[in-house]
Every structure is written in structure tokens, then in C-alpha cells.
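Student: Let me give you the structure first, and then I'll get to my questions.
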Amino acid sequence: MSSDPTLRITEIFLSIQGEARSAGRPTVFVRLTGCPLRCHYCDSEYAFEGGKRMTLAAIVQRVVDFRAAYVCVTGGEPLAQPDCWPLLRLLCDHGLNVSLETSGALSIEGIDNRVHIVMDLKTPMSGEVSRNNYYNIDRLRPRDQLKFVISNRQDYQWASLKLAEYRLADRVDDIWFSPCYDQINPAELAQWILDDCLPVRFQLQLHKIIWGDLPGR
């Protein structure tokens with residue numbers, strides 16, 4: 001019997017990266033199963049349960065077969081499975097540009113230094129603001145990224161306060177304010193950012209503009 005570590009995987013697919021610094025690039029997405037959070041606006045609830053056990057070697061081979069230079073490990077919450085750490089390292093060892101999408105609720109300590117971390121601080125309207133692990137902020141490097149999903153004015157004001165409280169613009173190069181899909185007019189959020197001249201980047205989810213709210217894209 002093989003002793004190779006395994007991860008429970010919901011899906012592995014090739015798509016256009018829709019968010020953050022590598023938006024627009026063909027990217028392989030490795031979606032791990034399971035998440036301890038239940039955000040009100042979650043668009044990947046289908047990844048909470050089920051999935052298929054795969055060895056790390058099989059996952060890496062599946063990713064390499066797509067022949068894309070970029071890979072994004074996401075969920076669910078990928079760090080809820082301990083063997084996510086060695087998977088990230090193996091993907092880096094294959095010369096891939098690796099990003100990790102994480103809620104920030106679980107510690108990012110020990111993640112391979114080659115991985116680009118995109119951490120999503122949960123806003124009040126997510127319903128999970130109490131789960132934010134603010135110790136993770138000290139573990140971020142300038143190359144890492146922070147994201148706030150903004151659903152309304154309350155979320156915006158809360159995120160603006162966190163920017164100042166933790167001096168986030170001095171910690172990471174890119175901070176993203178993303179309008180919650182179908183919850184807020186993107187133009188409204190863009191205007192708030194302009195009015196306050198915040199040191200953040202506005203983003204829309206390209207994959208949803210292209211394909212709508214379709215799972216697996």
C-alpha cells in the first residue's frame with residue numbers, strides 16, 4: 001500500500017485567472033475540498049464536501065499536463081488540509097508560478113517562500129469577520145497580496161479602518177478591494193475609493209464577467 005500523502009480534491013481545471021496580480025493569465029486551479037468558514041457570499045459551496053483523494057504526485061502531474069506556467073491552489077480553504085504545505089512546495093519545485101488563495105483564518109506560517117499568498121481578510125458582511133487571524137499579517141511579505149470583498153458601505157468603512165490600523169499599505173504591495181458579485185454596484189465602490197484616495201487597487205472578477213457565476217470557471 002502506498003504511503004504517499006494525499007489531499008481531497010474537488011477539481012483541477014484550466015481557466016483564466018480572474019483576480020489579483022496575475023489576472024488574465026491562463027492558470028491551473030487546484031481546488032481542495034473542505035472549509036471551516038461559511039461566508040454568506042461564498043461561490044464555492046460545492047467544495048465543502050466530497051471530492052476525491054489524490055496523491056501529491058498525481059496532483060502535480062495533472063497540473064503539469066495542462067502546460068500552463070501559473071497554478072493557483074484554492075478551496076474551500078486549502079490550508080484546512082495539512083498536506084497542502086508539501087503540495088505547494090512540490091509545485092514550486094516544478095518551476096511553476098504558484099499562488100495560494102487563503103481566507104487568513106488559518107496560520108500561513110511555514111508556507112514555501114516561493115509561493116505568492118493572496119489572503120482574504122473577512123469583512124463584517126461575510127459573517128466570518130471573527131475568524132480573521134491577524135497574526136498572519138506579520139507573516140506577509142511585500143510580494144504577497146491582501147483582498148477585501150466589499151458588500152456594502154459598512155464593509156468598506158471596516159476595511160478602510162483595517163488599512164490604517166495595521167498600516168497594510170506599508171506591508172504588502174497590492175491590496176485589493178473587490179465588489180461582492182451581485183451585492184453592490186462596482187461603480188459605487190470605485191467612487192468611494194476615489195473619494196478617500198485609498199492606497200488600494202479596485203478589481204472585478206474577470207472569470208465572472210466572462211462566464212458568470214459558473215462553478216469550475
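Read-outs: derived from the displayed coordinates by stated rules, not from any lab. Fair warning: this is a prediction, and the values are worked out from it, not measured in the lab. As a convention, Cβ positions derive from the backbone with ideal geometry for all residues, glycine included, and neighbour counts pool all protein chains shown.
Student: Please note which strands (runs of 3 or more DSSP E) are completely contained in the range 1-57 and include at least 3 residues that are surrounded by 14 or more Cβ atoms within 10 Å (Cβ to Cβ).
Tutor: It comes to 6-16, 26-32.
Student: Looking only at the range 183-195, which residues are out of contact with any helix residue (DSSP H, G or I) (no Cβ under 6 Å at 6 or more places or on another chain) and either assigned to a loop (DSSP other than H, G, I, E, B) or within 23 Å of residue 118 (Cβ to Cβ) (or both)?
Tutor: Correct list: 183, 184, 185, 186, 189, 190, 193.
Student: Go through the range 178-198 and report how many residues are loosely packed, with under 11 Cβ neighbours inside 10 Å and not charged (D, E, K, R).
Tutor: 4
Student: Select from the range 40-64 the residues that are in contact with a strand residue (DSSP E or B) (Cβ under 8 Å, 6 or more places away or on another chain) and of a type in the set (S, T, N, Q) and write down the one among them that is farthest from residue 94 (Cα to Cα).
Tutor: Here the residue is 44.
Student: Restricting to the range 69-82, what's the tally of residues that are part of a helix (DSSP H, G or I) and either among the aliphatic types (A, V, I, L, M) or free of Cβ contacts under 8 Å to residues at least 12 places away in the same chain (or both)?
Tutor: Result for the range 69-82: 2.
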